[in-house]
Structures are given as C-alpha cells and as structure tokens.
Amino acid sequence: GLPTVVIVGRPNVGKSTLFNAILGQRKSITGDEPGITRDRIIGDAVHFNRPFQLIDTGGIVPEDAEWIPAQILKQARVALDVADQIIFLIDGRTEITSADRDLAQILRRLGKPVTLAVNKIDVAKRESLTTAFFELGFKDVMSVSAEHRLGLEELLDHVTRDF
Ligand code: GDP
Ligand code: MG
C-alpha cells in the first residue's frame, strides 16, 4: 500500500486542522473498512510526485474530552501498526503538558521516524519559537501554522523524503 503518515498529539493541538490543510479537504471518513476504527480519519494525499496516506488519530475525540492514558495508547497503537512516518503535533503557544511528555516517551520507544511539529506558530519568523520543545527528545523539530498554512511545504518535504 501507500506509505502512511500518522498525525498524533493530545486534543486541541490542531491535528484535524493540519489534516485538512494538507488534504485540502476531507477526502474520506472511514468506518466500514476492515481494521479501520471510527477514531481514525484517513485521506489520500500527494506531495509533488509522492503519494501517501494521511491519518488523523483524533477523529472522534471531543475537544473537551479528558485526556486519558487510554487515548494516548490508542494513538500510539495506530502509529505502531501503520505509520511509516509520524507527525507528533504540539501546541507551540502553550507550555509542554504531561500528556505531551507521556506521548513523547511512547513515541520515542516505537523506533519509527518522528517529526515533532510545533503548531500555532502563526508568525513569519518561526524558527526561534521552537527551541523550548527540543527537550522532548526529537531531533527533527519543525514549526507550522496549520491554520495559516505556514511551514506545511517544509514539513511535507521532510516527512515524505523517503517516499
Ligand atoms: P485537534 O483536537 O488536535 O484535532 O485540534 P483542532 O484541529 O480541532 O484544533 C483545535 C483548535 O486549535 C481550533 O480552535 C483550531 O482553530 C486551532 N488551531 C489549529 N491550528 C492552529 C494554528 O495554526 N494557529 C492557531 N492560532 N490556531 C490553530
Ligand atoms: Mg481533531
């Protein structure tokens, strides 16, 4: 099948906004496909001549849902099962939370390529705003604004580099 990019992150960091920004629009909401649960939203994307499948792991988590460990594990499970590349999205306008740290620890153990994408960096000069997030332990750190479509090209260049 197509190489697969999975977006993970705690609620409200902008996963769905990023998913929609990359796809242009929601291509499919699944549920009937075997092995595909309702909390995954899948779309077919292409970056230059590199087609790939994009998965938003937070599909049915309500915005005000409590962040419970089960949800972290579920996201990690999806990432472990199907991801060729993982985009670990965090909110660049807030402090790092315990949920961010828990997810970071799990993702580091998967042994899959993870790009830490710092979202909601809505200004043009973005790079200096990401340094605080290197402590999460990922060497590939990029800044984006999903809402304003900043940094998406660089992010996709990076995550699809081997596709
Ligand atoms: P999810 O729960 O991780 O899927 O997050 P959503 O995509 O639903 O976004 C949560 C909130 O963050 C929404 O109010 C979005 O409009 C907002 N948001 C997403 N991306 C950005 C961004 O790049 N900049 C800003 N300022 N807000 C954003
Ligand atoms: Mg969402």
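Here, each number is a calculation from the coordinates, and none is a lab measurement. Not measured: the values here are computed from a predicted model. Note that we place each Cβ from the backbone using ideal geometry, even for glycine, and neighbour counts take in every protein chain shown.
Only residues that are more than 12 Å from ligand 1 (Cβ to nearest atom) and β-branched (Val, Ile, Thr) were counted in region 90-119, giving 5.
Considering Asp122, Asp140, Asp162, the condition of being within 10 Å of ligand 1 (Cβ to nearest atom) and not basic (Lys, Arg) is satisfied by Asp122 alone.
Scanning region 114-163 for residues that are in contact (Cβ under 8 Å) with a residue 40 or more places away in the chain and aliphatic (A, V, I, L, M) yields Ala117, Leu136, Val144, Ala146, Leu152, Leu155, Leu156, Val159.
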